[in-house]
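Below: the structure, in C-alpha cells.
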Amino acid sequence: VQLQAFGGGLVQAGGSLRLSCAASGSIATINEMGWYRRTPGKQRELVAAVFSDGTTNYADSAKGRFTISGDNAKKTVALQMNSLESEDTGVYYCKAVRWGFKEYWGQGTLVTVSS
C-alpha cells in the first residue's frame with residue numbers, strides 16, 4: 001500500500017486548509033484511514049480517523065474544527081481543517097490500516113499556521 005498526501009501549506013490563524021490522501025496498491029482490505037500529526041515538542045498523535053463503516057474518531061483538539069471524510073471504495077480520505085490555530089502547526093501524516101492491523105504511512109505534509 002502506498003499513500004499519497006496532498007494539501008498543506010501556510011495559512012493565517014483562523015483560516016482553513018484541506019488535506020487529501022489517496023491509497024494505491026493492495027487497498028481492498030484497508031478498513032481505516034486517518035490523519036496524524038507531529039507538532040513541535042510532541043510525539044505523533046491522532047488527529048482524526050474514519051473507518052470502513054463510516055464511523056469517525058477525533059482528537060479533542062480537532063472536535064468542532066476539523067472534519068474527516070472518506071471514500072471507502074476509492075480508499076481516499078480528506079481532512080477539512082477550519083479555524084486553524086498556531087498550535088496546529090506541524091507535519092501531518094496520512095495513515096491506512098488493513099485488516100490484521102498492518103499500518104501504512106504517507107510521507108507527511110507540512111501545515112504552518114501563522115499567528
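The values are calculated or read from the model by the stated rules, or taken from the named source; none is laboratory data. As the structure is a prediction and not an experimental result, all values here were calculated from the model. Cβ sites come from the backbone with ideal geometry, for glycine too, and all protein chains shown count toward neighbours. Keep in mind that these areas ignore ligands, DNA and RNA; they rest on the heavy atoms of the full protein, side chains included. Shrake-Rupley method; radii C 1.70, N 1.55, O 1.52, S 1.80 Å.
Observations, loosely collected:
- Within region 98-115, being of a type in the set (Gly, Ala, Ser) and surrounded by 12 or more Cβ atoms within 10 Å (Cβ to Cβ) holds for 106, 108.
- Where strands (runs of 3 or more DSSP E) sit wholly within region 49-115, those with at least 2 residues that are closer than 11 Å to residue 33 by Cα occupy 56-58, 66-71, 76-81, 90-98, 102-105.
- Any chance residue 46 is under 17 Å from residue 77 (Cβ atoms), assigned to a strand (DSSP E or B) and either open to solvent by less than 50 Å² (accessible area, probe 1.4 Å) or in contact (Cβ under 8 Å) with a residue 12 or more places away in the chain (or both): yes
- Take the conditions (1) surrounded by fewer than 20 Cβ atoms within 10 Å (Cβ to Cβ); (2) within 15 Å of the chain's Cα centre (by Cα); (3) assigned to a strand (DSSP E or B); residue 10 misses just one of them, which is (2).
- The residue of region 26-43 that is nearest to the chain's Cα centre (by Cα), among those that are open to solvent by less than 50 Å² (accessible area, probe 1.4 Å) and within 19 Å of residue 16 (Cα to Cα), is 35.
- Close pairs from region 78-97: first touching a residue at least 60 places away in the same chain (Cβ under 8 Å) and surrounded by fewer than 17 Cβ atoms within 10 Å (Cβ to Cβ), partner among the charged types (D, E, K, R) and assigned to a strand (DSSP E or B), Cβ under 7 Å, at least 6 apart: 80/18
- Check on residue 69, open to solvent by 20 Å² or more (accessible area, probe 1.4 Å), out of contact with any Pro (no Cβ under 8 Å at 6 or more places or on another chain) and touching a residue at least 24 places away in the same chain (Cβ under 8 Å): no
- Those residues of region 49-96 which are farther than 20 Å from residue 11 by Cα and of a type in the set (Gly, Ala, Ser), in sequence order: 49, 52, 54, 59, 69, 70, 73, 96
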